[in-house]
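What follows is a short report on a single structure.
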Amino acid sequence: MTTDRTLRGKAAVVGVAETEYYKWGRSPDPEFKLAIEAVLGACANAGIDPADVDGFSSYSNDRSDASRLSAALGCKQLSFASMQWGGGGGGGSGAVANAAAAIATGQAECVVVFRALAQGQFGRFGQGPRSRMVSGAAAHTLPYGLMSAAHMFAMKVNRFMHDHGVQQEALRAISLASYAHAQHNPRAVMNGRPLDEATYDASRWIVEPFHLFDCCQENDGAAAMVLVSAERAKDFDHNPCYVLAAVSGSQHRAGAPVHNTPEYASSGFTTVAPRLYRMAQMGPGDVDVLQSYENFTGGVMMSIVEHGFCTAEEVNDFLTVENLSAPGGKLPLNTSGGNLAECYMHGLGLNIEAVRQIWGESTCQVPDAEVAMVCSGPMVTPVSSCIFGSEATL
Amino acid sequence: MSMTPYLRPGLAKPAPSRDGLDTPFWEGLQQEKLLLQRCNGCNRWQWGPEWVCHRCHSFDLRYEETAAEGIIYSHERIWHPVHPALAEQGPYVVVLVELPHADGVRIVGNLVGDPHQPLVIGAPVHAVFEHHLDDDPVHTLLQWAVS
Ligand SMILES: [Zn+2]
């Protein structure tokens with residue numbers, strides 16, 4: 001019985017698109033318009049009539065409501081509307097999992113996974129709250145000046161680096177590889193702004209161990225991808241990009257308040273990654289290219305360890321620019337530039353880049369990429385991961 | 001004993017939650033006592049504040065005093081101000097303190113003293129109660145100093 005309880009090969013991505021990517025607050029369009037633009041773009045990329053979309057899947061409390069989208073796009077009906085709980089980018093692959101699950105179980109035929117952000121319209125992420133008083137869990141952190149995502153996560157990374165002797169150069173390699181890849185990607189906000197070791201080293205601290213270039217951008221824009229069943233996927237222009245596995249979750253008591261989760265120095269994938277590989281019937285050695293969510297480079301570092309690409313003790317040797325660079329590195333990482341250097345679309349751009357690698361359409365293409373992994377939203381709860389594969393991997 | 005506030009004024013001030021869940025904790029700090037939750041079902045300590053014991057599901061959690069001393073579990077030196085009140089602050093240190101006398105639960109505070117001091121995981125620390133008795137709301141912050 002259990003062999004049927006899988007998403008492996010049940011659904012495929014047939015279209016992707018993003019709007020122009022802007023620095024935060026620079027979008028000329030409001031958030032909902034960006035969302036519509038991305039969905040229309042993904043439908044056009046797939047060659048499907050937007051009226052035939054019957055499901056929407058998003059995460060991080062996206063404000064573009066599924067019913068409003070469905071009405072605006074003139075969809076014939078709405079069969080599936082799903083919001084993955086949790087903040088940050090933790091739901092980027094979870095939203096793919098929910099879409100694939102809806103398709104696999106006959107709840108919907110054509111589901112759009114999307115994320116839209118206009119911070120100029122709705123306020124920025126990287127700023128502390130301005131209220132005069134605070135109560136609840138935040139009262140135990142905010143008055144001490146612990147008030148941003150960087151602050152929440154730097155203490156996890158400091159503990160991990162201490163426990164395993166990780167050097168700053170490992171984090172730097174992640175940043176340099178991302179910026180190098182962005183120089184080939186005309187969509188990337190940091191295209192034309194290369195980064196070298198000296199500039200990284202001289203850049204200001206945001207919070208130790210994160211330099212400026214260890215931190216994601218804040219951007220405006222929208223991204224979308226269209227999923228249909230594996231059977232239908234064969235009728236579209238693109239070679240199908242199959243969902244081989246997609247899972248979300250977190251560890252025992254990951255949500256324990258005020259930094260009391262037992263497994264503290266973690267990206268949150270220690271229970272997720274084994275389920276991911278089991279569903280995909282693969283291991284880390286099968287992955288040709290990795291897109292790993294960078295809220296901060298330290299989260300990428302721990303995600304790489306917890307997905308088994310190297311041990312914690314091997315981090316200093318494994319995380320080098322050479323190993324992380326497309327096309328020839330051992331583990332090409334964030335080949336669009338990722339959240340650091342392409343755009344911070346809460347990580348959905350990473351899923352799109354993974355699909356493009358399978359299609360052979362990346363601006364930093366890994367030759368013959370058949371298996372592409374995405375790790376979404378390290379250090380939040382829940383997190384999620386997915387693996388996409390070509391026809392040959394089924 | 002009072003001390004100069006570690007951070008410049010202007011950040012949000014803590015108030016007990018409306019549902020009363022953490023009121024004894026905040027009141028305890030004003031009396032220079034560290035009161036945390038302990039389960040009457042299984043006798044284990046638990047923090048942050050919650051209505052149910054994560055281990056035995058008892059709703060019967062009491063507030064009990066524990067020694068206001070611990071060890072640095074992790075730390076961070078923050079440079080970039082994300083709030084206008086901190087624009088002229090310069091670097092400051094936040095520590096996550098593990099409390100060995102309370103089943104190793106952790107609590108967040110600032111590490112007082114030179115913000116450039118070396119930060120050592122495992123270093124013993126003791127509490128420093130930072131009173132804001134003229135403030136509205138009246139409150140006390142729990143800070144830490146290397147022992
Ligand atoms: Zn109990």
Quiz prompt | Yes/no for B:Pro91 being within 13 Å of chain A (Cβ to nearest Cβ), away from the ligand (no atom under 16 Å from the Cβ) and open to solvent by 40 Å² or more (accessible area, probe 1.4 Å) | solution = no
Exercise. Give region B:38-66 a look and list any residue that's within 7 Å of the ligand (Cβ to nearest atom) and either within 12 Å of chain A (Cβ to nearest Cβ) or open to solvent by less than 60 Å² (accessible area, probe 1.4 Å) (or both), or say none.
Key: B:Cys39, B:Gly41, B:Cys42, B:Cys53, B:Arg55, B:Cys56, B:Ser58
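Could you check region A:144-160 and list, in sequence order, the residues that are in a helix (DSSP H, G or I) and either open to solvent by 10 Å² or more (accessible area, probe 1.4 Å) or farther than 30 Å from B:Val138 by Cβ (or both)?
Kept after step one, since they are in a helix (DSSP H, G or I), are these residues of region A:144-160: A:144, A:149-160.
If the condition is that a residue be in a helix (DSSP H, G or I) and either open to solvent by 10 Å² or more (accessible area, probe 1.4 Å) or farther than 30 Å from B:Val138 by Cβ (or both), then A:Ala149, A:Ala150, A:Met152, A:Phe153, A:Ala154, A:Lys156, A:Val157, A:Asn158, A:Arg159, A:Phe160 are the ones that fit.
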Quiz item: Name the pairs: first residue in region B:10-27 and on the phi > 0 side of the Ramachandran plot, second residue open to solvent by 10 Å² or more (accessible area, probe 1.4 Å), Cβ to Cβ under 6 Å, at least 6 apart or on different chains?
Solution: B:Gly10/B:Ala85
Exercise. Run A:Gln357 past the list (1) without any contact (Cβ under 8 Å) to a residue 60 or more places away in the chain; (2) buried (at least 24 other Cβ atoms within 10 Å of the Cβ) and report the number of the one that doesn't hold.
Key: (1)
Quiz item: Within region A:68-113, which residues are more than 16 Å from the chain's Cα centre (by Cα), of a type in the set (Gly, Ala, Ser) and not in a loop (DSSP other than H, G, I, E, B)?
Solution: A:Ser70, A:Ala71, A:Ala72, A:Ala81, A:Ser82, A:Ala100, A:Ala101, A:Ala102, A:Ala104
Quiz item: Which of the residues that make up region A:266-279 are closer than 21 Å to A:Ala312 by Cβ, surrounded by 20 or more Cβ atoms within 10 Å (Cβ to Cβ) and out of contact with any Gly (no Cβ under 7 Å at 6 or more places or on another chain)?
Solution: A:Ser266, A:Gly268, A:Phe269, A:Leu276
Quiz prompt | region B:4-21 - residue that is among the charged types (D, E, K, R) and more than 7 Å from chain A (Cβ to nearest Cβ) and, of those, most open to solvent (accessible area, probe 1.4 Å) | solution = B:Arg8
Quiz item: Is it true that A:Asp163 is under 30 Å from B:Tyr73 (Cα atoms), in contact (Cβ under 8 Å) with a residue 24 or more places away in the chain, open to solvent by 60 Å² or more (accessible area, probe 1.4 Å) and within 14 Å of another protein chain (Cβ to nearest Cβ)?
Solution: yes
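Quick check on A:Asn351: is it buried (at least 24 other Cβ atoms within 10 Å of the Cβ) and more than 25 Å from A:Val207 (Cα to Cα)?
Details: buried (at least 24 other Cβ atoms within 10 Å of the Cβ): yes; more than 25 Å from A:Val207 (Cα to Cα): yes.
The answer is yes for A:Asn351.
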Quiz item: Of the residues in region B:67-85, how many are crowded, with 20+ Cβ neighbours inside 10 Å and farther than 24 Å from A:Arg159 by Cα?
Solution: 1
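Among B:His116, B:His75, which is within 12 Å of chain A (Cβ to nearest Cβ), away from the ligand (no atom under 16 Å from the Cβ) and assigned to a loop (DSSP other than H, G, I, E, B)? Lay out the reasoning, then the answer.
Numbers: B:His75 fails: assigned to a loop (DSSP other than H, G, I, E, B).
Residue meeting the stated conditions: B:His116.
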Quiz item: In the list A:Glu370, A:Glu391, which residue meets the criterion of being among the charged types (D, E, K, R) and in contact with an Asp or Glu (Cβ under 7 Å, 6 or more places away or on another chain)?
Solution: A:Glu370
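Please work out if B:Val108 is assigned to a loop (DSSP other than H, G, I, E, B) and of a type in the set (Val, Ile, Thr). Give the steps one after another, and end with the answer.
Working: assigned to a loop (DSSP other than H, G, I, E, B): no; of a type in the set (Val, Ile, Thr): yes.
For B:Val108, the condition - assigned to a loop (DSSP other than H, G, I, E, B) and of a type in the set (Val, Ile, Thr) - is not met.
The values are calculated or read from the model by the stated rules, or taken from the named source; none is laboratory data. Treat the numbers as computed from the prediction; the structure is a model and nothing was measured. In this analysis, Cβ positions are derived from the backbone assuming ideal geometry, glycine residues included, and neighbour counts consider all displayed protein chains. Ligands, DNA and RNA are stripped out before the accessible areas are found, and what is left, the full protein with its side chains, is counted by its heavy atoms. Shrake-Rupley method; radii C 1.70, N 1.55, O 1.52, S 1.80 Å.
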